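The values are calculated or read from the model by the stated rules, or taken from the named source; none is laboratory data. Treat the numbers as computed from the prediction; the structure is a model and nothing was measured. As a convention, Cβ positions derive from the backbone with ideal geometry for all residues, glycine included, and neighbour counts pool all protein chains shown. Note: accessible area is taken over every heavy atom of the protein model, side chains too, but ligands, DNA and RNA are not part of it. Shrake-Rupley method; radii C 1.70, N 1.55, O 1.52, S 1.80 Å.
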Amino acid sequence: MSTAANWWRGAVIYQVYPRSFADGNGDGIGDLAGIRARLDHLVELGVDAVWLSPWYPSPMADAGYDVADFRDIDPVFGTLDEAEALIAEAHERGIRIIIDIVPNHCSSAHPWFEAALAGGPERELFWFRPGRGPNGDQPPTDLRSIFGGSAWTRVADGEWYLHLFAPEQPDFNWAHPRVRAEFEDILRFWLDRGVDGIRIDSAALPVKDPALDGIEAYTDQDGVHDIYRSWRRVADSYPGDRVLIGEVWLPDRERFTNYLRADELHTAFNFDFLCCPWDAAALRECVDATLSAHAPVGAAATWVLSNHDVTRHVTRYGRVDSSFSFAGKREGVAADLQLGGVRARAAALLTLALPGSAYVYQGEELGLWEVEDIPYELRQDPMWHRSGHTDPGRDGCRVPLPWSGMEPPFGFSPAGAAAAPWLPQPPDWKDRTVQAQSGDPYSMLELYRKALRIRRAEPALGDGRMVWLPAPDGVLAFAREPEAAREAGFACVLNLSAAAVPLPAHGEVLLASGPLDGAALPVDTAAWLRLDS
Ligand code: GLC
Ligand code: CA
C-alpha cells in the first residue's frame, strides 16, 4: 500500500453500497463475501480507496443508515472477522478502506433507545419532549422530517422523540457527554482495526438548538465544529493518514469550508458539483467557486457525480433539466439515456482531471442508469414511502450491479442462488456487465480503466493547481500544472457547445471520451491532451 502522506488529497475513492455490490451467499443481498471476491475488479479499475456505506447490524429501515450496533457487522453482510479480513485483503492490494459513521442518529433498535423507551436515564441521550395541546397529543414543534411527515413520534407513555429522518432513526442528543464519549470510542474501535478513513453521515446535523423549531435548529449549528475537532485529534493520534470526510450539504460555501479547517475534517463531498447542470458556464462557475472556497483553508477539493442518494448521472444528463435537487425529484420525467451516456463519458474525464480527489459510485464505471420503473411494491426507500409516493425514492440508484451473463442476476448472486436480487435488474443491463465491457475499447468500463491508469501515471493530475485556457464559448479547457517543471503539460478540453470545435494545439491526444472528428472535438466530448511532446 502506498504510504504517501496526504494520499487523500488526490485519491480516487470508489463507493461500495454493500447491499448492491455482490452477493456471496445467494440470498439476493450483497455482502462482505461478495466484496472480497470482487476486490480485483477495483484493482483493475485502479482506484485508491473504497468507501463502504454502513455495514452494521440494522433493522434496515433506511438501508443500514439506522444503526443498532456501531461495533459489529449485520449478519446479512457477514461477520466482524470477515470485515477484518476485507480490510486486510484490500490493504494487500494497495486499496484503502473508508467506513461510514452515522453520528446524528441510531436505530430505534439500538440498546440505548430501547432503554430510553423503557424510561431509563438513556432518555437524555435523545430528544424526548412532552407534546403540545391539553392532552399532549400534538407534536412538541412543527419540525418536519427530511424524509417527509413530522420529525416527532409519540411513544407509549405519551412523550415524543425527535427524528430528522425516519421514525426508526431517533436523533442523538449531542449536548450529552456520553454521546460524545461513545462516538470517540467507536472511532477508535474501527481505527484500531486499520480503517483508513471515516465518511461522516449527515455531518452538519448532529448539534441541535434545543428550541427544535425550523431547519436552522439543526443545520450547521456552530457547536458541531467541536465534535470534529475532537474527532480530528483521535484520527491524528493514529499512524498513517486517517481521514475524515464529511457529508455536508450546505448552500453557503463559506459555512461549508468551515468544516475543512486544519483541525477539523480533511475533505467533504462537493454536492454543488453533483447538482450542477450540464452547462459550460455553470460548471465553470462551480469549479471556480469550489477552488476558491477551499483555498483559504488549504483543503483539497472533491468531485462527485453520483452516490446512493441521488439520480444516477447517465439519467440526469439525459434530461432537459440536468441539475439535481431532492426537491425536484418526480416520477416520470423523460431522459435520453443515449445522450446521458455520452455526456457521462465526458463528465468522467472532466471529473478525473480536476484538482483534488474524485469519487466513483459503484456502477458509474459501467454506465448504469437510474432504474425508474421499479414496481411500487418492491420499492424500499423511506423517501418513497414517507413522501406519500411523490418522491420516486432512491432505490433506482441502488439496483444490484451486473457482473456477467445475459440475464438477471447477471452474476450478482452465485449461479443457482435461492433468491432474486433485492431489487430487480433491467434485462438491458446484459451489455453493461463487467464481463461484456471488459476488453471493449468503446465501453464505459474501459474508459474509466484507461483514465485511472493515466491519472496514476500523470504527475499533473490529482492534487495541485489548474489554469483555464482560452476556449470558444461553451467549451471548457484547462491545464494542470505538472509538479516537475520538465514534465510536458497536461490539458483537459470539454465541448458543451452546440457544434464541434477545433482542439487546441497539442502534442498528443492521451484519451478522448468519444470519437474525434479529425482535429475537431465533437459536442459533449472531452479529451485529455499532452500539450507538447
Ligand atoms: C445520509 C445518507 C442517506 C441517509 C441519511 C440518513 O444523507 O447518505 O442515505 O438516508 O443520511 O442517515
Ligand atoms: Ca448475500
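Before moving on, here are some points about what is shown:
- Dipole of the chain, positive direction: furthest Cα of G158, A499, F183, with charges on the beta-carbon: A499
- The chain: angle of helix 337-353 to the longest principal axis, Cα-based, in degrees nearest 10: 90 degrees
- Computed over the chain: relative contact order in percent, which uses C-alpha pairs under 8 Å that are six or more apart: 13 percent
- The largest accessible area among D431, D272 belongs to the first residue in D431, D272, and the rest follow in falling order (1.4 Å probe, all chains).
- Estimated FRET transfer efficiency when R0 is 45 angstrom, pair R465-H389 (beta carbons, to 0.05): 0.40
- Dipole magnitude (debye, nearest 20) for the chain, charges at Cβ of Lys, Arg, Asp, Glu: 860 debye
- Global geometry of the chain, whether rounded, prolate or oblate, following the gyration tensor of its Cα atoms and the 1.5 cut on a/c: prolate
- Annotation: peptides 390-402, 177-189, ranked by per-residue average of other Cβ atoms within 10 Å with the highest first, follow the order 390-402, 177-189.
- Anisotropy class of the range 76-124 from Cα gyration tensor, a/c 1.5 cut: prolate
- Solvent-accessible ranking of D279, D31, D157, largest area first, probe 1.4 Å: D157, D279, D31
- Charge dipole (Cα centre; +1 on Lys/Arg Cβ, -1 on Asp/Glu Cβ; no other charges) of the range 465-530 amounts to roughly 140 debye.
- Accessible surface of E254, taken over heavy atoms with a 1.4 Å probe and every protein chain present, rounds to 140 Å².
- Estimated at the nearest 10 Å², the accessible area of L205 is 20 Å² with a 1.4 Å probe.
- Accessible-area ranking of W231, W127, largest first, probe 1.4 Å: W127, W231
- Accessible surface of E508 - all protein chains present, 1.4 Å probe, nearest 10 Å²: 90 Å²
- Over the chain: helical MRE at 222 nm, DSSP H runs n ≥ 4 each giving -39500 (n - 2.57), nearest 500: -7000 deg cm²/dmol
- Only one residue of P522, I227, V297 has its Cα farthest out toward the positive end of the dipole of the chain, where Lys and Arg carry +1 and Asp and Glu -1 on Cβ, and that residue is P522.
- Positive dipole terminus of the chain, leading residue within A451, W249, F128 (C-beta point charges): A451
- Of interest is the spacing of the C-alpha centroids, which for the range 70-116 and the range 312-369 amounts to 29 Å.
- Taken about its Cα centre, the range 111-162 carries a charge dipole of about 180 debye when Lys and Arg each add +1 at the Cβ and Asp and Glu each add -1 at the Cβ.
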